[in-house]
Amino acid sequence: MKSTFAVLILLVSLGARAESSDWKVGVGGGYSPNFLVNLKNQETPTSGTTAEKTYDMEYSGASGFSLHIWYAPKNSWGFISGLEYGAERELKKVTFNGMSTTNFSSSSASRYQQHNIYMGTEYRWDSFYLPFALIYSTVNFRPATTFLGSYEAKGGAGIMLGVGWFIGEHFVIEYVGRSSTTELNTTTSSGTTKGTGTIASAMLTLKLMY
């Protein structure tokens, strides 16, 4: 994370020194109403054969904070980049083999947290624009307190697409959807699980750009 912040500080410095008003540095705050984790697990018991199982997990909404460096001329393609910090989310629903479970106490619910770095382009008309970007995510995972074993969670690469509006030149409202790869591996006395899949989420953000 130290290298990430170093890169961000450098980008902020470059943006602040740019003479063109089309270069913008900004901060944002928003809310992500959904967070869907789809995992295909290879489950290997201590005695037995490996079985493949697929789980769909829905987590609660969460707030987010972001920093941005943009080049956004009107009626033209531009450049967008930034860092997004997401709050922790609690498991609300698990679907396996068409059956869903939703009754989770605080102790039996796992928690996910995702942060993203993005870089891409946007096409801006006068006020309306369409952003397209590649993202790389890092994740933090906390299993239920009843879990006994070790675990490892990883983020991965993905994409971001959305729509946005400039309100004047300093305020922006944006709604984006994101999808990225993830891994979740666990080891217990019963065996090991190697899970790979995707995380999908949406975000509504209000940004101050200057």
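The values are calculated or read from the model by the stated rules, or taken from the named source; none is laboratory data. Predicted, not measured: the structure shown is a model, and the values here were computed from it. So basically every Cβ, Gly included, is an ideal-geometry build from the backbone, and we count neighbours across all protein chains shown. Only protein heavy atoms, including side chains, enter the accessible area calculation; ligands, DNA and RNA are left aside. Shrake-Rupley method; radii C 1.70, N 1.55, O 1.52, S 1.80 Å.
Once Lys and Arg get +1 and Asp and Glu get -1 on their Cβ, which of H115, F104, Y85 lies farthest toward the positive end of the dipole of segment 64-129?
F104
Name the residue farthest towards the positive end of the dipole of the chain from the options S150, T182, T95, assuming +1 on Cβ of Lys and Arg, -1 on Cβ of Asp and Glu, about the Cα centre.
Towards the positive end, the residue furthest out is S150.
Name the most mobile residue of T102, T193, T49, meaning the one with the largest mean-square fluctuation, in a Gaussian network model of the chain with Cα contacts below 10 Å.
Checking each option, the largest mean-square fluctuation is seen for T49.
How far is helix 2-17 tilted, in degrees, relative to the longest principal axis of the Cα atoms in the chain, given as a value from 0 to 90 rounded to the nearest 10?
Helix 2-17 and the main axis of the chain meet at about 20 degrees.
If you take every residue apart from T198 with its C-beta less than 12 Å away from the C-beta of T198, what net charge results, scoring Lys and Arg +1 and Asp and Glu -1? Write down the numbers at each step before the final one.
On the way: positive: K40, R178; negative: D56, E183.
Here the count lands on 0.
Could you check the simple spin-label distance between Y55 and M119, using points 7 Å along Cα→Cβ, in nm with one decimal?
3.4 nm
Grab the DSSP H runs of the chain that are 4 residues or longer, score each as -39,500 (n - 2.57), total them, divide by all residues and round the 222 nm result to the nearest 500 deg cm²/dmol. Intermediate values should be presented prior to the final figure.
Values: 1 runs with 16 residues, N = 210.
Calculated mean residue ellipticity at 222 nm is -2500 deg cm²/dmol.
Hey, what's the Cα Rg ratio for the chain versus the globular rule of thumb, 2.2 N^0.38 Å? Show your work: numbers first, answer last.
Working: Rg = 19.6 Å, N = 210, 2.2 N^0.38 = 16.8 Å.
Normalised by 2.2 N^0.38 Å, the Cα Rg of the chain equals 1.17.
Whose amide H sits under 5 Å from the amide H of A109, counting only residues 5 or more places off or on another chain, with H placed in the peptide plane?
T145
Provide the solvent-accessible area of M99, counting protein heavy atoms only and rolling a 1.4 Å probe, rounded to the nearest 10 Å².
Counting only protein heavy atoms, the figure is 130 Å².
When the chain is modelled as a GNM with alpha-carbon springs shorter than 10 Å, which of T101, T121, T198 fluctuates the most?
Taking springs between Cα atoms under 10 Å, the residue moving most is T101.
Equivalent ellipsoid semi-axes for segment 128-187, as square roots of 5 times the alpha carbon gyration tensor eigenvalues: give them largest first, rounded to whole Å. Please report the intermediate quantities before stating the final value.
Working: eigenvalues 255, 34, 11 Å².
That gives 36, 13, 7 Å for the three semi-axes.
Keeping every protein chain in place, order Y55, Y129, Y31 by accessible area at 1.4 Å, biggest value first, i.e. largest first. All intermediate terms of the calculation are to be shown ahead of the outcome.
Working: Y55 50, Y129 0, Y31 115 Å².
Correct descending sequence by accessible area is Y31, Y55, Y129.
Rounded to the nearest 20 debye, what is the charge dipole size of the chain about its Cα centre when +1 sits on each Lys and Arg Cβ and -1 on each Asp and Glu Cβ? Could you put the intermediate results ahead of the total?
Details: 16 positive and 15 negative charges, 49 e Å.
Taking the Cα centre of the chain as origin, the dipole is about 240 debye.
Quick one: net charge of D56's neighbours, Cβ under 14 Å, K/R +1, D/E -1?
+3
Based on the Cβ-Cβ distance of S189 and W165, what FRET efficiency does E = 1/(1 + (r/R0)^6) give at R0 = 45 Å, to the nearest 0.05?
On the way: r = 54 Å, r/R0 = 1.20.
The computed FRET efficiency comes out at 0.25.
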